[in-house]
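Novice: Below are the structure tokens for one structure; questions will follow.
The values are calculated or read from the model by the stated rules, or taken from the named source; none is laboratory data. On a predicted model such as this, the values are computed, not experimentally measured, just so you know. All Cβ positions, even for glycine, are placed from backbone atoms using ideal geometry, and neighbour counts span all protein chains on display. Just so you know, the surface numbers come from the protein's heavy atoms only, side chains and all, with ligands and any DNA or RNA stripped out. Shrake-Rupley method; radii C 1.70, N 1.55, O 1.52, S 1.80 Å.
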Amino acid sequence: MARDGNPQPPRRVELKDAEWRARLTPEQFRVTRQKGTEPAHSSAMCALFEPGRYACACCATELFDAGSKFDSHSGWPSFTQAVAPDVVAYHDDSSHGMTRIETTCNVCDAHLGHVFPDGPAPSGLRYCINALSLTKC
Ligand code: FE
């Protein structure tokens with residue numbers, strides 16, 4: 001999808017940087033709106049496996065279900081799939097000398113993290129997501 005185009009989002013939330021800044025903590029703003037990365041193992045969310053959903057920290061769109069969460073030992077919350085095919089967008093990312101697929105919220109463009117092809121079956125995908133980009137609900 002990074003090459004062939006992303007699905008139409010279910011809705012759109014578009015705010016100016018100053019509006020996001022007012023809604024988010026400085027750390028959330030840096031990760032979600034400026035493509036930052038939180039330090040590995042910095043969030044208790046990595047070890048959280050209670051039922052529920054994980055929503056975008058910016059626009060509250062539900063992105064991942066706890067049922068698809070797994071312990072990747074990477075230091076970031078990890079999932080095998082999104083709750084729906086149209087809530088996450090994919091982008092080629094060649095920054096930092098690596099070739100990766102960046103994931104963003106398809107509703108508000110928040111940076112979430114990256115997706116890698118080394119996850120468990122059946123998807124074989126590992127969505128490696130910043131805890132600061134998510135709110136447990
Ligand atoms: Fe969002």
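Novice: Report the calculated FRET efficiency for residue 19 and residue 49 (r = Cβ-Cβ distance, R0 = 25 Å), to the nearest 0.05. Before the final figure, lay out each step's value.
Specialist: Values: r = 34 Å, r/R0 = 1.35.
Plugging the Cβ-Cβ distance into 1/(1 + (r/R0)^6) gives 0.15.
Novice: If I stretch the segment between residue 30 and residue 137 completely, what's the gain in nm (0.36 nm per residue apart, minus their alpha carbon distance), one decimal? Intermediate values should be presented prior to the final figure.
Specialist: On the way: separation 107, 0.36 × 107 = 38.52 nm, distance 2.21 nm.
Full extension from residue 30 to residue 137 adds 36.3 nm.
Novice: Given N residues in the stretch 17-136, what is Rg(Cα) / (2.2 N^0.38 Å)? Intermediate values should be presented prior to the final figure.
Specialist: Values: Rg = 13.2 Å, N = 120, 2.2 N^0.38 = 13.6 Å.
Normalised Rg, Cα atoms only: 0.98.
Novice: Just name one of 121, 78, 15: the one whose Cα is farthest towards the positive end of the charge dipole of the chain (beta-carbon charges, Lys/Arg +1, Asp/Glu -1).
Specialist: The residue sitting farthest along the positive end of the dipole is 15.
Novice: Relative contact order for the chain: what percent, with Cα pairs under 8 Å and sequence separation of 6 or more? Intermediate values should be presented prior to the final figure.
Specialist: Numbers: 282 pairs, mean separation 39.2, N = 137.
With pairs under 8 Å counted, the relative contact order is 29 percent.
Novice: Once you put a point 7 Å from the Cα of residue 40 and another 7 Å from the Cα of residue 12, both along the Cβ direction, what distance in nm separates them?
Specialist: About 3.8 nm separates the two model spin labels.
Novice: Under unit Cβ charges (Lys, Arg +1; Asp, Glu -1), what dipole magnitude, rounded to 20 debye, does the chain have relative to its Cα centre? Write down the numbers at each step before the final one.
Specialist: On the way: 14 positive and 16 negative charges, 51 e Å.
Computed about the Cα centre, the dipole is about 240 debye.
Novice: Give the carbon-plus-sulfur fraction of the accessible surface of the chain in %, rounded to a whole number; probe 1.4 Å, heavy atoms of protein chains only.
Specialist: Numbers: 3760 of 7210 Å².
Ligands and nucleic acids excluded, carbon and sulfur reach 52 percent.
Novice: Hey, can you find the accessible area per residue of the stretch 25-82 for me, probe 1.4 Å, expressed in square angstrom?
Specialist: Counting only protein heavy atoms, the per-residue value for the stretch 25-82 is 48 Å².
Novice: Follow-up. Residue by residue, what Karplus-based ³J(HN,Hα) values in Hz, rounded to whole numbers, does the stretch 76-85 have, using 6.51, -1.76 and 1.60 with θ = phi - 60° and x for Gly and Pro?
Specialist: 10, x, 10, 9, 8, 6, 8, 5, 8, x
Novice: Another question, if that's okay. Could you list which residues have their amide H under 5 Å from that of residue 88, counting only those 5 or more apart in sequence or on another chain, with H placed in the peptide plane?
Specialist: The answer is 106.
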